[in-house]
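Every number here is computed from the coordinates shown, using simple stated rules; none is lab data. Model, not experiment: these values are computed from the prediction. Heads up, the Cβs are rebuilt from the backbone with ideal geometry, glycines too, and the neighbour counts pull from every protein chain shown.
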């Protein structure tokens, strides 16, 4: 391992430069105008996979954005086969005017690299690639069998990935899945995420009159779709953040008291948290700590709202239409399809009869929990401890990686979430960035991880 | 009058063509990009005033958009002096994609002229100009003294007009003000509007965290400004449309029983009203008819709302900011300044403490009522009856012309609202249009009106 680690140390500068090229491609999967860029980005990943020594590298087309695949399978049948997963697509960039530098012109400041996709997830895909390169360049081989899949639709719900995995079950067959798309607990506090929340993302469309009206001539005669929508949204949660949808909490498994004890040991400074966000008060469900609420409790948030006139000045319009995007973060055992139905039923129940209301489901995914005592998890703890010099803590993440559940279900493989982001790196907002120390230690962790995993004897049914 | 009326009949085709030129100028007062167009439009009005024979025609600059003035004062001191008021600015055009034809390329279909500003208010300013032309071309004189003022800021609350009127009190001194910016009751049902609602137009800005956040990582920890805003809006009115702001109804003078009797005689088909708007139910304050609610009762409507992601697809953002425009239609005796204060106080009272809320007043104006028995009103009834062959009904209008109150207060002159629009001509929405029969009869009504007004002997203190 020494040769490998010093290779990483001496090349970290050029690795960072190479990452910039990856970040320059505006691979926004939700925007039809960027479709060509997304494909260009897939080709970029294809080239890098070939470069680091993966074999059978190919691009699979889907109805929308392509999936890139590569593998190296010469470690032997007694060694584990891992499937590394990541995504090369990124979130949209609006509000664009709040970016300090252009989102697709990466810059390095204060030991951080700023660009859309820096931490979510290009930087983390790249460090996995470089850990493979470090092994291949120095040993001409990898210590375990590796399959690597990088998709282009994660930010729009991985719409074509599930079918791809079902259709290519043999190609993707593996013992463990490794995903680097999560955060550590904080700077200098390595941690491993053992749980993810699920998601049900909905849209509510409200139609009042069949055209925009003069609010003077019609105000008082016709219901207003914005007022009606506000009325609906205000009844989704109570004043304390408790979700009021009938049956919403039915399948929630509460945290165990051991889990809550562990959670209470995590360092968390609520005053700094509030200062960092410039808020006077935290907000959410009573009876749970802030850390519990953002990761182990289900939530509901409006992600967008629109209707009528939003320009400068005053337009006296009574609009025809209004709409909102509303998403719910689910905990493991809450099924998105069921929650979508409960949401729609409840919204239709509370909707005023004086407007027309339509509810659509935009996408969803199950939450996931990975057993803390699995050998692949133990190997991850060792690898991280070697790279960071500190034993990692265990956390749960509030975000969703629906694909983790798909891997669990279809490939019957547990997922290890080896994340190197930090909580304040703005993955979905302006000035997204990635800490370069974690980029460096991330490559080392992944290099160690391949080595630690090779100690698991698969002949022995995965028990080392 | 015969000569004058046949002049109008034989020139109505070319009047309509000339109106198109006026409508082609995109004089959107609220949009800074159109500032040059607004000035061009003022110059267009200036030229037309000179053309029809007005004197001392000039453009007065204001801090924003210019005011055009002209006069003809040779009718003699025993004749009334009227001040005709209109506006040459127009509403914005969005949503632009809902227009059948481009908003500034006027087209004639089914006896209607379609363009932004057709009825509100360019078509109505133009018919006043043409009634003056008809008198001047045929008699070389007008039967009464006329002053004509056309402003460019009506759609943004006539922000500089009040100061202009105060500064030019002598120039504008008059016995009556005539405004053509309202609607008749319906096609073939001439009516005169004797009352207008006032307006208080507000904006609510809500700030949650200091930046857009990932809704997975922060959802459950931080209040969401969209949810908070919906919560605020939902508490402004109850489910029946009654406004909940403390003290809001304190100054409302209820309709007299005579007024309500008159109102009940107005032809109104609620089934057709609902069909025309494609709504299943009307909506509003209990205990009042729809006609009463849209004209003689105060109301509250959201005119716009925004926040977070409103594009295609799903962005899992917990936004930093959200906002809404909310306007209240007031009845005479409700003071906008007082209502603005009550609104702000109430919003601050109900606002969740977990977000920052700012309330701004964008503009406001008093409502107005004109006595039915004033000689200028009686002359208007006669003029309209002559042009339309039917005695006009009396109505109140739900919209606001704040300047009417300014004329009442500063010039001490009652306003006659001689409107030729129809209720379904979309003054603030796509496909705005103006009925050409009313354009034609409107010119005739105004020509008659000048004549009828000349029967009032001002030496006799305005009693004829």
- Query: How high is the relative contact order of segment B:264-342, in percent, with contacts defined as C-alpha pairs under 8 Å that are six or more residues apart?
  - Reply: 25 percent
- Query: Going by how many other Cβ atoms sit within 10 Å of their own, how do B:71, A:17, B:385, A:397 line up, fewest first?
  - Reply: A:17, B:385, B:71, A:397
- Label geometry 7 Å along the beta-carbon vector: residue A:24 inter-copy distances in nm: 4.9
- Message: Could you tell me the relative contact order of chain B? Use alpha-carbon pairs under 8 Å, at least six residues apart, and round to a whole percent.
- Response: 25 percent
- What's the exposure ranking of B:133, B:151, going from fewest to most Cβ atoms within 10 Å? B:133, B:151
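Give me the percent of DSSP beta bridges within segment A:66-156 that run antiparallel, rounded to the nearest 5. The partial results should precede the final answer.
Numbers: 8 of 15 bridges.
DSSP beta bridges in segment A:66-156 are roughly 55 percent antiparallel.
Can you give the relative contact order of segment B:61-135 as a percent, counting alpha carbon pairs under 8 Å and 6+ residues apart? List each step's numbers first, then the result.
Numbers: 42 pairs, mean separation 21.1, N = 75.
This gives 28 percent for segment B:61-135.
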- Between residue B:58 and residue B:141, take the C-beta separation as r, use R0 = 25 Å, and let me know the FRET efficiency to the nearest 0.05. 0.70
- Restricting to chain B, what percent of DSSP beta bridges are antiparallel, rounded to 5? 70 percent
- Note on the structure: Assertion target for B:127, A:196, B:369, ordered by fewest C-beta neighbours within 10 angstrom first, is B:369, B:127, A:196
- Note on the structure: Place a point 7 Å from the Cα of residue A:437 in the direction of its beta carbon; the residues of segment A:104-120 whose amide N falls under 19 Å from it are A:108-114, A:119
- Counting DSSP beta bridges in the protein assembly as shown, what percent are antiparallel, to the nearest 5? 70 percent
- Put a dot 7 Å past each Cα toward the Cβ at residue B:238 and residue B:412; how far apart are the dots in nm? 4.5 nm
- Query: For chain B, what is the calculated [θ] at 222 nm in deg cm²/dmol (nearest 500), taking -39500 (n - 2.57) for each run of four or more DSSP H residues and dividing by its residue count?
  - Reply: -10000 deg cm²/dmol
- Would you mind computing, in nm to one decimal, how far apart the modelled labels at residue B:35 and residue A:73 are, each placed 7 Å from Cα along Cα→Cβ? 6.9 nm
- Message: Modelling each spin label as a point 7 Å along the Cα-to-Cβ direction, I'd like the residue A:272/residue A:385 distance in nm, to one decimal.
- Response: 2.5 nm
- Query: Nm distances between the label at residue A:55 and the same-position labels in the remaining copies, 7 Å along Cα→Cβ, shortest first?
  - Reply: 10.2
- Item | Per-copy distances of the residue A:3 label point, shortest first, in nm (7 angstrom along Cα→Cβ) | 11.3
